[in-house]
Ligand code: BV8
């Protein structure tokens, strides 16, 4: 089954950890996935960070180290090619924080759960800043807080469970859906459809009259919400999926 893209199609893509699996990045919920060895509550919530910031920084530092050793796979490259072909009629929303879409050449990209390679302060409103360092000891102090006599600690600039997503990113996605009028196609790739609000995008796309597709290694939690389901590895399916009209 192929996904037809013509001159009017507006293509909104959502990716999850499955799209990076063939690059060697562990997913969250597959066997021996990331959450197997680290309960979500301990490493991906603000409460977990407050309770044990060293553990959380070890978890994210190990993911930073791993992400530097892997490379985009043909699935990432196929989406970057669609970006180049379609221009502003294309938007890629990713739950992934590994930076592989950007390294593959994707430009029209919304990283709704943030980035592994950005750090921010857990206290002051300073903007997130690029940071590839690994922190294996005490969590680094925020220098700006220190100059103001506060003891802010730096944290990964990712969105944890119980934290709200950046409203600007969410409104960019809603605007894309609204502007698509009757030409929207929504494609989800490599995601278990468990985490909200990302998992709700398919409902939003259908409500806007969009045609919805899921490419996944196996049926996901919300597979029934999609018009089309293509079962298979994204690195193999995506390069052959699009029929460019
Ligand atoms: C929020 C951090 C307001 C960075 C992550 C309803 C509405 C709103 C919120 C909620 C709601 N219900 C519950 C909530 C709370 C919560 C939530 O959704 N909980 C779930 C567990 C039920 N949501 C939130 O807290 C969000 N905040 O909405 O704020 C609010 C707050 C409190 C209460 C109400 C409202 C914040 C969510 C963001 C959490 N942060 N990551 C990081 O460390 O990475 S989420 C984490 O899971 C990752 O970002 C990951 O991307 C994401 C989703 O997982 P997937 O990407 O889908 O990966 P997974 O392993 O699960 O699946 C991979 C799939 O790929 C599998 O299906 C597999 O078969 C497939 N696959 C494998 N290999 C391949 C493949 N497919 C193709 N090819 C292959 N080769």
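Can you give me the angle between helix 74-86 and the longest principal axis of the chain, using Cα atoms only, in degrees from 0 to 90, rounded to the nearest 10?
The answer is roughly 70 degrees.
Could you work out which residue, out of 60, 196, 135, moves most in a Gaussian network model of the chain, that is, has the largest mean-square fluctuation with Cα springs under 10 Å?
196
Provide the three semi-axes, in whole Å and in decreasing order, of the ellipsoid equivalent to the chain as defined by the square roots of 5 times the Cα gyration tensor eigenvalues.
Values for the chain, descending: 33, 19, 16 Å.
What FRET efficiency would be calculated for the residue pair residue 52, residue 85, taking the C-beta separation as r and a Förster radius of 51 Å, to the nearest 0.05?
Calculated value: 0.65.
How big is the Rg/Rh ratio for the range 136-192, C-alpha atoms only, Rh by Kirkwood, two decimals?
Rg divided by Rh gives 1.22.
Between residue 146 and residue 124, what is the label-point separation in nm under the 7 Å Cα-to-beta-carbon projection?
1.1
So how tilted is helix 167-179 from the main axis of the chain? Cα-based, degrees 0 to 90, rounded to 10.
For helix 167-179, the angle is close to 10 degrees.
If one puts a single equal scatterer on every Cα of the range 169-213 and applies the Debye formula without solvent, what log₁₀ I(q)/I(0) results at q = 0.19, 0.20, 0.33 Å⁻¹?
Normalising to I(0) and taking log10 leaves -0.55, -0.61, -1.28.
With r defined as the distance between the Cβ atoms of residue 6 and residue 62 and R0 fixed at 45 Å, what FRET efficiency is calculated, to the nearest 0.05?
E between residue 6 and residue 62, to the nearest 0.05, is 0.55.
Would you mind pulling out the separation of the Cα centroids of the range 37-103 and the range 112-174, in Å?
15
Dividing the convex hull volume of the Cα atoms of the range 74-182 by its residue count, what figure in Å³ per residue is obtained?
Enclosed volume per residue, from the Cα hull, is 133 Å³.
Expressed as a whole percent, how much of the Cα-Cα distance distribution for the range 1-63 exceeds 20 Å?
48
For the residue pair residue 194 and residue 169, what label-to-label distance in nm results when each label sits 7 Å from Cα along the Cα-to-beta-carbon direction?
Here the answer is 1.9 nm between the modelled labels.
Please compute, for the alpha-carbon atoms of the range 191-243, the extent along each of the three principal axes and give them in descending order in Å.
28, 24, 15
Can you tell me the alpha carbon radius of gyration of the range 54-111 divided by the globular rule-of-thumb value 2.2 N^0.38 Å?
The reported ratio for this selection is 1.30.
By how many degrees, between 0 and 90 and to the nearest 10, does the Cα long axis of helix 53-69 differ from the longest principal axis of the chain?
50
Calculate, in whole percent, how much of the Cα-Cα pair population of the range 129-245 lies beyond 25 Å.
45
Rule-based calculations on the coordinates, nothing more; no lab input. Please read all numbers here as calculations on a predicted model, not as lab measurements. Reconstructed Cβ throughout: ideal geometry from the backbone, glycine too, with neighbour counts over all protein chains shown.
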